[in-house]
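The structure appears below as structure tokens.
The values are calculated or read from the model by the stated rules, or taken from the named source; none is laboratory data. Please read all numbers here as calculations on a predicted model, not as lab measurements. Every residue, glycine among them, receives a Cβ derived from its backbone with ideal geometry; neighbour counts consider all protein chains shown. Just the protein is used for accessible areas: all its heavy atoms, side chains included, with ligands, DNA and RNA removed. Shrake-Rupley method; radii C 1.70, N 1.55, O 1.52, S 1.80 Å.
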Amino acid sequence: MNHRIWHLLISLLLVLATYLAFAQVLGCGFVNFDDDQFVTANHHVRAGLTFQGIKWAFTTRHGGNCNPLAWLSHMMDCQLYGLNPGGHHLTSLLLHLLNTLLLFWVLNLATGSLWPSALVAALFALHPLHVESVAWIAERKDVLSTFFWMLTLGAWVRYVRRPALGRYLSVFLLFCLGLLAKPMLVSLPFVLLLLDYWPLHRFQTTGMPRSLIRLLLEKVPLLAFSAFWSLLTLSAQHQAGAVASLEAIPFTARLINAVVSYGSYLARVFWPHNLAVFYPHPVTWPLWHVAASGLLLAGLTALAIGTVRNHPCLIVGWLWYLGTLVPVIGLVQVGRQGMADRYTYVPVIGLFIMAAWTIPGLLSAWRYRRVFLASSAAGVLVVLMIFTWRQTGYWKSSFTLFQHALEVTADNYLAHYNLGVALADAGRYEEAAIHYIAATRIKPDYACAHNNLGIVLTRQEKLTEAETHYREALRIKPDWDKAHYNLGVVLATQGKFEEAKAHYARALQLNPGYARAHYSLGIILSREGKEQEAAIHYARARELEATRRGSTIGAGQGQGA
């Protein structure tokens, strides 16, 4: 068979295997983990593709995100599927399939090595670490930005083979589109420099400094836009309160967690078990764990450097892994997670490159090399498919997702909280209260858990206890409109109308668009005989409700990253 037929056959096998591994995702629903912010309760997104929605997508900093193309992607899904979660999952799966095929095409184009390229693409397609990026609807930005990442790599290889201004502009445009989907592409110029070294061989053996300077200058436009978008994103995340202060998480703790995370991600590539939707940021790490991760990183770095002449793929793959994780390794802590599976979506490609090009070379003199490599690769891929199929099943609902997280992690306050939200939405208030209490026990300053515990206690008519938790939520987070409103409801129910009125007013001061607060304040004003003032608040409440009829899904807590 000629090269083209093999390429087509491999592509078909990649699509089939990936579909079989991820097929369950089409039956999964929305989860109460940022899916509300991005889809179910976001009236801009639910309206589909509209002029106002597109304008909002390019100007909003909602949730600390600067991802206009991701917003447009969600709007397109709502335009096509409404709130049918299967359609939203189908889009994410199709993007993952495209990313797989593009990775195969780019590596084969750059190296001319068909089978190593196919193996890297298959490992990327089927690894269970990538389930979170594909199965989590709110993480659409991951698979979408990687689509542009792969296109940028392909455009770069074409530019290197035949330099021209038009080809360079296509690289720049695709790179910018990728950043508009997710800022993690800030590390892509660094990866292009790695590809210049291997497999494109653009570094000159003599005059290395001049060669490096020339290649760096070539990427200045990309680096400039990358720096601009990084500053814009950091500004948005700071405004949203998503960036943890050094007082909350000292730099030493961040550095230690980064070292351990590098080692933990590496371990999960080889043994992907106990994967969870959320890993709490640890207070401390055992000394042996830190030392083991540090020694592993140092040893692999020394190996890559020591074999750079004979095996350049090792240094390229290893630096790909280390470098692309830098934006999300936690030195700038965004969100509350210690680490996250979705952060590995692109970085582990570097590890796959190391394995796919090095192992066959080491066995080149062995008589049964081809049989061994083919059977080993097939066995590994089948095992990965099984792990991925199983991991995908946990995303069926909020119940299965967070129950699993509690089974495989310790002191997971967010999993307790979000499972509590799912139980409360199902009317199982006593069970919800148990998980909210567990969340506050693990993290006493968790304002959201205190607030939601107050809600279920209110529904159980335990008003005094509910009031205590609302006040605790406000002690932790004084300027929280929802907690002020909820406390106002409890106080009004107990007949403390004047104090309730003050909390409704404070909620509206913090959030003038709070429809329920307008309505509840109107009731008290009407009770006081101030019908004209009450009518104003009633009218405003009706106006707001007419334009904002959101879903109850998503009262849970998301990541913000």
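Let's see how each residue does on (1) out of contact with any Ser or Thr (no Cβ under 9 Å at 6 or more places or on another chain); (2) closer than 21 Å to residue 197 by Cβ:
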position	(1), (2)
235	yes, no
245	yes, no
263	no, no
268	no, no
273	yes, no
286	yes, no
291	yes, no
300	yes, yes
323	no, yes
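Checked against (1) buried (at least 21 other Cβ atoms within 10 Å of the Cβ); (2) within 15 Å of residue 139 (Cα to Cα); (3) out of contact with any Pro (no Cβ under 6 Å at 6 or more places or on another chain), residue 18 passes all but condition (2).
Determine if the stretch 343-355 includes at least one residue that is under 30 Å from residue 247 (Cα atoms) and among the aliphatic types (A, V, I, L, M).
No, the conditions are met nowhere in the stretch 343-355.
Within the stretch 304-314, if we keep just the residues that are free of Cβ contacts under 8 Å to residues at least 12 places away in the same chain and not polar (S, T, N, Q), the residue that is surrounded by the most Cβ atoms within 10 Å (Cβ to Cβ) turns out to be 308.
Answer yes or no as to whether residue 87 is of a type in the set (Gly, Ala, Ser), part of a helix (DSSP H, G or I), under 22 Å from the mean Cα position of the chain (by Cα) and at positive phi. Judged against the criteria, residue 87 is not a match. The set of residues in the stretch 362-395 being in a helix (DSSP H, G or I), hydroxyl-bearing (Ser, Thr, Tyr) and open to solvent by 60 Å² or more (accessible area, probe 1.4 Å) consists of 375 alone.
When the stretch 461-480 is filtered for residues that are outside any helix (DSSP H, G or I) and either surrounded by 14 or more Cβ atoms within 10 Å (Cβ to Cβ) or of a type in the set (Ser, Thr, Tyr) (or both), the ones remaining, listed by number, are 462, 477, 480.
Scanning the stretch 73-92 for residues that are farther than 19 Å from residue 133 by Cα and either touching a Cys at 6+ places or on another chain (Cβ under 6 Å) or open to solvent by less than 20 Å² (accessible area, probe 1.4 Å) (or both) gives a single hit, 78. Screening residue 220 on (1) of a type outside the set (Lys, Arg); (2) in contact with a helix residue (DSSP H, G or I) (Cβ under 8 Å, 6 or more places away or on another chain); (3) modelled with pLDDT of 95 or more; (4) under 30 Å from residue 308 (Cα atoms) shows it passes everything except condition (2).
Looking only at the stretch 227-245, which residues are part of a loop (DSSP other than H, G, I, E, B), under 14 Å from residue 331 (Cα atoms) and touching a residue at least 60 places away in the same chain (Cβ under 8 Å)?
Going residue by residue through the stretch 227-245, those that are part of a loop (DSSP other than H, G, I, E, B) are 240-242, 244-245.
Okay, now just the ones that are also under 14 Å from residue 331 (Cα atoms), so 242, 244-245.
Matches in the stretch 227-245: 242, 244.
For the stretch 213-236, does any single residue satisfy the condition of being over 26 Å from the mean Cα position of the chain (by Cα), open to solvent by less than 20 Å² (accessible area, probe 1.4 Å) and among the aliphatic types (A, V, I, L, M)?
Start the filter on the stretch 213-236 by keeping residues that are over 26 Å from the mean Cα position of the chain (by Cα), which leaves 213-221.
Now restrict to residues that are open to solvent by less than 20 Å² (accessible area, probe 1.4 Å): 215, 219.
Narrowing the set further to residues that are among the aliphatic types (A, V, I, L, M) leaves 215.
Yes: the stretch 213-236 contains one or more residues that are over 26 Å from the mean Cα position of the chain (by Cα), open to solvent by less than 20 Å² (accessible area, probe 1.4 Å) and among the aliphatic types (A, V, I, L, M).
The criterion of at least 3 residues that are open to solvent by less than 10 Å² (accessible area, probe 1.4 Å), in contact with an Asp or Glu (Cβ under 9 Å, 6 or more places away or on another chain) and not acidic (Asp, Glu) is met, among helices (runs of 4 or more DSSP H) falling completely within the stretch 107-206, by 131-135. Count of the stretch 334-367 residues, restricted to those that are in contact (Cβ under 8 Å) with a residue 60 or more places away in the chain, out of contact with any helix residue (DSSP H, G or I) (no Cβ under 6 Å at 6 or more places or on another chain) and of a type in the set (S, T, N, Q), is 1.
The number of residues in the stretch 273-291 being open to solvent by 30 Å² or more (accessible area, probe 1.4 Å) and among the hydroxyl-bearing types (Ser, Thr, Tyr) comes to 1. Pairs linking a residue in the stretch 159-188 that is of a type in the set (Lys, Arg) to a residue that is part of a helix (DSSP H, G or I), with Cβ atoms under 6 Å and 6 or more positions apart or on different chains, are 167/158; 167/159; 182/141; 182/145.
Please indicate, with yes or no, whether at least one residue in the stretch 2-16 is under 29 Å from residue 422 (Cα atoms), in a helix (DSSP H, G or I), touching a residue at least 24 places away in the same chain (Cβ under 8 Å) and touching a Ser or Thr at 6+ places or on another chain (Cβ under 6 Å). It would help to see each step written out before you state the result.
Applying the first criterion (under 29 Å from residue 422 (Cα atoms)) to the stretch 2-16 yields none.
Scanning the stretch 2-16, I find no residue that is under 29 Å from residue 422 (Cα atoms), in a helix (DSSP H, G or I), touching a residue at least 24 places away in the same chain (Cβ under 8 Å) and touching a Ser or Thr at 6+ places or on another chain (Cβ under 6 Å), so the answer is no.
The residues listed here are 317, 294; of these, the one that is of a type in the set (Gly, Ala, Ser) and either open to solvent by 10 Å² or more (accessible area, probe 1.4 Å) or within 30 Å of residue 417 (Cβ to Cβ) (or both) is 294.
Looking only at residues that are outside any helix (DSSP H, G or I) and free of Cβ contacts under 8 Å to residues at least 12 places away in the same chain in the stretch 249-272, which one is most open to solvent (accessible area, probe 1.4 Å)? I'd like the intermediate steps shown before the answer.
So in the stretch 249-272, the residues outside any helix (DSSP H, G or I) come out as 249-250, 271-272.
Filter once more, so that each one left must be free of Cβ contacts under 8 Å to residues at least 12 places away in the same chain: 250, 271.
Details: 250: 65, 271: 139 Å².
The qualifying residue most open to solvent (accessible area, probe 1.4 Å) is 271.
Looking at residue 95, is it within 19 Å of the chain's Cα centre (by Cα) and surrounded by fewer than 23 Cβ atoms within 10 Å (Cβ to Cβ)? So residue 95 passes the test. Examine the stretch 50-58 for a residue that is part of a helix (DSSP H, G or I), surrounded by 14 or more Cβ atoms within 10 Å (Cβ to Cβ) and touching a residue at least 40 places away in the same chain (Cβ under 8 Å), and state whether such a residue exists. Looking through the stretch 50-58, none of the residues is part of a helix (DSSP H, G or I), surrounded by 14 or more Cβ atoms within 10 Å (Cβ to Cβ) and touching a residue at least 40 places away in the same chain (Cβ under 8 Å). For the stretch 36-50, the condition holds for at least one residue, the condition being that it is acidic (Asp, Glu) and over 30 Å from residue 12 (Cβ atoms).
This table checks each residue for (1) in a helix (DSSP H, G or I); (2) in contact with a Gly (Cβ under 7 Å, 6 or more places away or on another chain); (3) at pLDDT below 90.
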| site | (1), (2), (3) |
| --- | --- |
| 483 | yes, no, no |
| 501 | yes, no, no |
| 538 | yes, yes, no |
| 551 | no, no, yes |
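Per the conditions (1) part of a helix (DSSP H, G or I); (2) open to solvent by 40 Å² or more (accessible area, probe 1.4 Å), the sole criterion not satisfied by residue 410 is (1).
Mind checking which residues of the stretch 24-44 are open to solvent by 30 Å² or more (accessible area, probe 1.4 Å), among the aliphatic types (A, V, I, L, M) and under 19 Å from residue 277 (Cα atoms)? Result: 26, single match. Only one of the numbered conditions (1) farther than 24 Å from residue 126 by Cβ; (2) part of a helix (DSSP H, G or I); (3) touching a Leu at 6+ places or on another chain (Cβ under 6 Å) is not met by residue 66, and that is (2).
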